[in-house]
Amino acid sequence: MSLRSWALGVVVLAAVGSSAAACAQVLGFDKPYVERDGGLSSSSGGTGGDAGTGGATGSGGAGGTAPAVACTTVSSCPGQDTECSQRVCTGGFCSVSNAAAGTAIPTQTSGNCQKLVCDGHGALTLIVDDTNLPVDGNPCTSDVCTAGVPSNPPVKPGSTCGGKLTCDGQGHCTGCVSPADCPGMDDECEARSCTSGVCGFLYTAAGTAVMMQTTGDCKKNVCNGMGAVSVIFDNSDAPASPSACILEGCSMGSPTQTNTAAGAACTGTGTVCNGSGACVACLVPTSCPGADTECQTRTCTGNACGFAYQMSGTAVSTQTPGNCEKNVCNGTGGITAVADGSNVPTNGTVCDIASCSLGMPVYTPVASGTSCGTMKTCDGAGNCTGCTAPTDCPGTDTDCQTRTCSTSGVCGFAYTASGTATSSQTAGDCKQNVCNGTGGVSVVADDTDLPTAPGPCFSAVCTAGVASTPPKAAGAACSTGGTVCNGAGVCGVCLPGATRACCGSTSSACCGGCDTCLPITPCCCSTVEACEATGEWGSCY
């Protein structure tokens, strides 16, 4: 590629007394630079530590020692890594490791007789490099570096510049008929020309992107308007994120990473972000799958979900009166029935004594002739004889049994069919009280008796008679307080972890980072805002 115009630009700038910062812009840098130790360095202000000298626009760093910041990983340390400064986490505290002074960075500007190196304090500086010749591809000029200053002086008149073409002593190759007669090669940033027999070049407009790019390096290769390729910062060229809980970005041409807020929904190795860039199974027990019951409670230990089980044999609150059994925890989260001789049936009579044996109801008739009411006696078979109406008979009428009096004056009971629902029910407990066919009441699972969900982003669920209200999946629609569920029971305006561009700002702080920004024309600063765990849009960054 030709750098003849690059050399001319340096000469013009020198003639008008331009600053080193202006030279830096000609060399292809879109960041302000200031003089430092004979070269160019970043104008950002100094940081804490040894008292430093601020740049052209920044203030000097204050002396002293910055407060120690605790860390578990490098990503939890504040700041950003650059080519000359890397964050480190040593002994549980954050610090910075600066590259040695003189370390060259990968991105250089070809042909400027300079080299971008680290200054040993985490910043960049330019040093003289007379081996970085300003090759302009013009056989009628020489490529020269003199103490860091590039130049392309013309060769002597008559020097050959290809075929029958000769140099005119002013840096021009003459004698061409068409561009193809001229020396050099056409590429994306320049094309040979032949005007009135004089060879030259037509340059692609500055800022035009070339085909050769590196995806995700926060930079863009563009034509500089003088036939060469410059590398500029491109904050839209962010690298791919290694985790659903890390938001990749760019700052001044360097990749940045921002951890998604703790509690944001994620997919892959878990379901929720831990705030340190990892997608884990849980942060709190309530974010784990399943439901808490009398026999088990969810746990979250080391970001892993589990259960804590109630001791085997612990009685639960739901029991069936009079069935000679007791419902207890089985030690693994479930419920089992064990024999309970104290839970005697309630449908015994004066003539038929109820008891329990090995968990089964037993009815024992009293001796014949035993009194069971006025002018009534037991018949020895469990019946009270001598009644004229059911109300003469002992016992109580319920949903599951009614007293009877036969035509022969014998008391008895008529039992409601097994499975018939009773009038006494508990709404939303996923259970149903039904008659057992022998006058008693049993509790059975009823997965249609759904509990009441605590909000629009919770589901009401019955599972084998156990009620639960788990959060709806992230992305489910809702209408109270927002439009979309965040996966943790909150109805927000956006899905946690989502991002959107922040455009339309007209503030001077924003417009300072745009290529063009007029007071009457809003510009886009290429910033984004992320959806927080609360389901609300956060701040631009």
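Taken together, the values in this text are just the output of simple stated rules run on the coordinates, not laboratory data. Just so you know, these numbers come straight off a predicted model, no measurement behind them. Neighbour counts are summed over all protein chains in view; Cβ atoms, including those assigned to glycine, are modelled from backbone coordinates with ideal geometry.
Of all lysines in the structure, the ones whose alpha carbon falls short of 27 Å from that of LYS472, not counting any fewer than 8 places away in one chain, are LYS431. Structural descriptor for the stretch 306-376: relative contact order 23 percent, calculated from alpha carbon pairs under 8 angstrom and at least 6 residues apart.
For GLY137, the amide hydrogen comes within under 5 Å of the amide hydrogens of LEU3, counting only partners 5 or more places away or on other chains and with H modelled in the peptide plane. Peptides 421-430, 314-323 ranked from most to least packed give 314-323, 421-430, packing being the mean of other C-beta atoms within 10 angstrom over each peptide's residues.
What does the extension gain come out to for SER317 and ALA473, with contour length at 0.36 nm per residue minus their alpha carbon separation?
53.0 nm
With θ taken as phi - 60° and the Karplus curve 6.51 cos²θ - 1.76 cosθ + 1.60 applied, the whole-hertz 3J(HN,Hα) list for the stretch 325-331 is 9, 9, 7, 9, 6, 9, x Hz, x standing for glycine and proline. Around the amide H of VAL366, modelled in the peptide plane, lie the amide H atoms of ASP352, ILE353, GLY382, all under 5 Å away and 5 or more residues distant in sequence or on another chain. Find the centroid of the Cα atoms in the stretch 222-247 and in the stretch 281-357, then give the distance between the two in whole Å. Each part's Cα centre sits 61 Å from the other's. Once the chain from MET252 to THR160 is taken as fully extended at 0.36 nm per residue, the excess over their C-alpha distance is 28.6 nm. Relative contact order for the stretch 118-186: 22 percent, from Cα pairs under 8 Å spaced at least 6 residues apart, divided by residue count.
Estimated at 0.36 nm per residue, the fully extended path between ASP397 and PHE93 surpasses their Cα-Cα distance by 101.8 nm.
Within a straight-line Cα-Cα reach of under 18 Å, LYS164 can be paired with the following aspartates and glutamates, leaving aside sequence neighbours fewer than 8 residues apart in one chain: ASP181. Computed 3J(HN,Hα) for the stretch 472-479, one whole-Hz value per residue from the Karplus formula 6.51 cos²θ - 1.76 cosθ + 1.60 where θ = phi - 60°, is 5, 4, 4, x, 5, 6, 8, 9, glycine and proline marked x.
Ranking GLY227, THR336, THR271 by Cα position along the charge dipole of the stretch 193-349, where only Lys, Arg, Asp and Glu carry charges on their C-beta atoms, puts GLY227 farthest toward the positive end.
Rounded to the nearest 0.05, what FRET efficiency do THR73 and SER193 give with R0 = 60 Å and r taken as the Cβ-Cβ distance? Could you check?
So, using R0 = 60 Å, E works out to roughly 0.60.
Our note on the geometry: Cα centres of the stretch 143-190 and the stretch 453-498, 72 Å apart. From the Cα gyration tensor of the stretch 157-233, with a ≥ b ≥ c the square roots of its eigenvalues, which class applies: rounded if a/c is under 1.5, or else prolate if a/b is larger than b/c, or else oblate? Since a/c reaches 1.5 and a/b is larger than b/c, the shape of the stretch 157-233 is classed as prolate. Put simply, the amide H of THR320, placed in the peptide plane, has neighbours under 5 Å in ASN327, leaving out anything fewer than 5 places away on its chain. Rounded, prolate or oblate for the stretch 344-415? Axes are the square roots of the Cα gyration tensor eigenvalues, ordered a ≥ b ≥ c, and the cut-off for rounded is a/c under 1.5. Verdict is oblate for the stretch 344-415.
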